[in-house]
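J.: Before we start, here is the structure in question, set down as structure tokens.
Bear in mind that the values in this text are calculations on the coordinates, not laboratory data. All values derive from a computational prediction rather than experimental measurement. We place every Cβ from the backbone using ideal geometry, glycine too, and count neighbours over all the protein chains shown.
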Amino acid sequence: MGSRLLSVAMGCMALGAVGFGHAEELQLLSLQEEQPGRIVATTNVFAASVPDASAFQLRLDEKHIVPAQEVKLSAIDSPRPKTSIVFSVDSNNPTRLQKQYIRDSLTTLLSSPSPQLNVALYEFGAEVKKLHDFSNNSAELIKETARLGLTTAHDDKTRLYDALKEGLAALTSRQEGSKRLLLITAGKDKGSSVSDQVIISGAQAQGLVIDAVEISNGARRDSELLQRLIKKTGGQYLIVSNKQELSKALEGLLSLSPAQTAYAVVFHYAPSKDGRLANSVRLDFAPPGAGPVISRTVDNRLSAPDIGTGSQTDSSVPTPGNKVLLWVLGAALALGVIYMLYKGMGEKRPPPPPPPPPPLPPSPPRKERDAPKAPRGGTKVLDTFPPPGQGRPAALLHCISGPTRGRQFPIDKAVYHIGASEKNELQLSDERVSGRHARVTYESGHLYLSDSESRNGTFLNGTRIVAPTVLSPNDQIRVGSTIFELLKQTNERSQTITGAEPFVP
């Protein structure tokens, strides 16, 4: 008992000490172009200190990147943020008395809700049920709370991870304000159709944190996996044993509001001389540390940048303007050569040059220890791969994260498809993977990664690709929740995969 009380006390102390333990979020209040090329974005950033300008960037037409020059306090009032929260409650494992603790604590909590708080209520056991969709109607929510845990279980399954999956899906549609997912559980999962890694990836994709309160009766439970999941999303895992501790834990979690301040983020770049407008605008915010980049798409039509001044160009995105410029320069160069030849024909030819000096004696042969000099900095030497064939792959995809972690898959075709469909060379059983998601193509000794218009995108070394991109050994490719490392083929590896069966998820 003493250790459980200590865990609750220490958990609440930690919450109070560090403040809101959730990932930093971004609310875009307005975005204005004060004059061509000068943009001011007014944002709410939930952070403990003023964010650095390097954390913000504008992306115009998906390929032109404009870094922020300045971040300063905004003169406008910062509105109170709206919060959407999903309560997901275990209805199988808690005892009858513990279920009453849950109903009483939630009823007290929801008796005086904030108008900015929208609550959705779920319970899970043999199946996942949505008791009430997002609402701030206190009476309706309390009525549904009284039904928690009253359903008789059909079997001993506790689909905890499936419940988290449903909660994440519900929060995906909530575009405004911060999002919370709070789990009340006995710490047990049994019979879920998804893994903990799927939940972690889904939460990190939304920049969303999951908190959990475990109701313990003193028996040892296998909750280490769930605790690791909560920790990886940046959430808090509290253990309680009675109604008072449960109420205190829930109130402590809900009373933590992110410190919010409105900031004016200033961008400046040279606008296009012909007055063109950008077709798409996106604001990116990269929180300090390892948090995922938070993006907000903007409907405003801003001035397109003057290429080469005031903005960077994403090299992974093909630029039609560059192709036109190269064509024009090539044509001008050809005309210049023709003109010089024509002009030279009409002039008097100069006398023939003197005979060349006698050749120098041959240099002594280079010793084996003399290695050729490395190319100068800035020159990238692309790795080449052998042509793929049955039993002779061009390279290997080594799974370093995901359901097939540790396995290697040979790229043994010139066009190697990856996706959820059985028609792919590499089939992945993952709800975040499209039927035809991505492909690796072999051409002239090189491998190229392309996205096949997937729903969730294909990522190379952490960056979403929008055009065919050349691959190098040790590159990391993310498809859905699976990450592969590209390995160059060797004779030793070739022996390990000869005769390997095709992948079956």
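J.: For E127 and D104, what is the calculated FRET efficiency with R₀ set at 30 Å and r taken between the beta-carbons, to the nearest 0.05? Write out the running numbers ahead of the final one.
T.: Details: r = 25 Å, r/R0 = 0.82.
Efficiency computed from Cβ-Cβ geometry: 0.75.
J.: Take the Cβ-Cβ distance between T95 and R296 as r, set R0 to 45 Å, and report the resulting FRET efficiency rounded to the nearest 0.05.
T.: 0.50
J.: Tell me, rounded to the nearest percent, the portion of alpha carbon pairs in segment 395-497 spaced more than 17 Å apart.
T.: Across segment 395-497, Cα pairs with separations above 17 Å total 47 percent.
J.: Once you have the Cα-Cα distance between A139 and A169, take 0.36 nm times their residue separation minus that, and quote the gain in nm to one decimal.
T.: 8.3 nm
J.: Pull out the extension gain between A467 and K273, defined as 0.36 nm times the separation in residues minus the alpha carbon to alpha carbon distance; nm, one decimal.
T.: The A467-K273 span can extend by a further 67.1 nm.
J.: Same structure, new question: Got a sec? How would L97, L29, L110 order by Cβ neighbour count within 10 Å, fewest to most?
T.: The fewest-first ordering by Cβ neighbours comes to L97, L29, L110.
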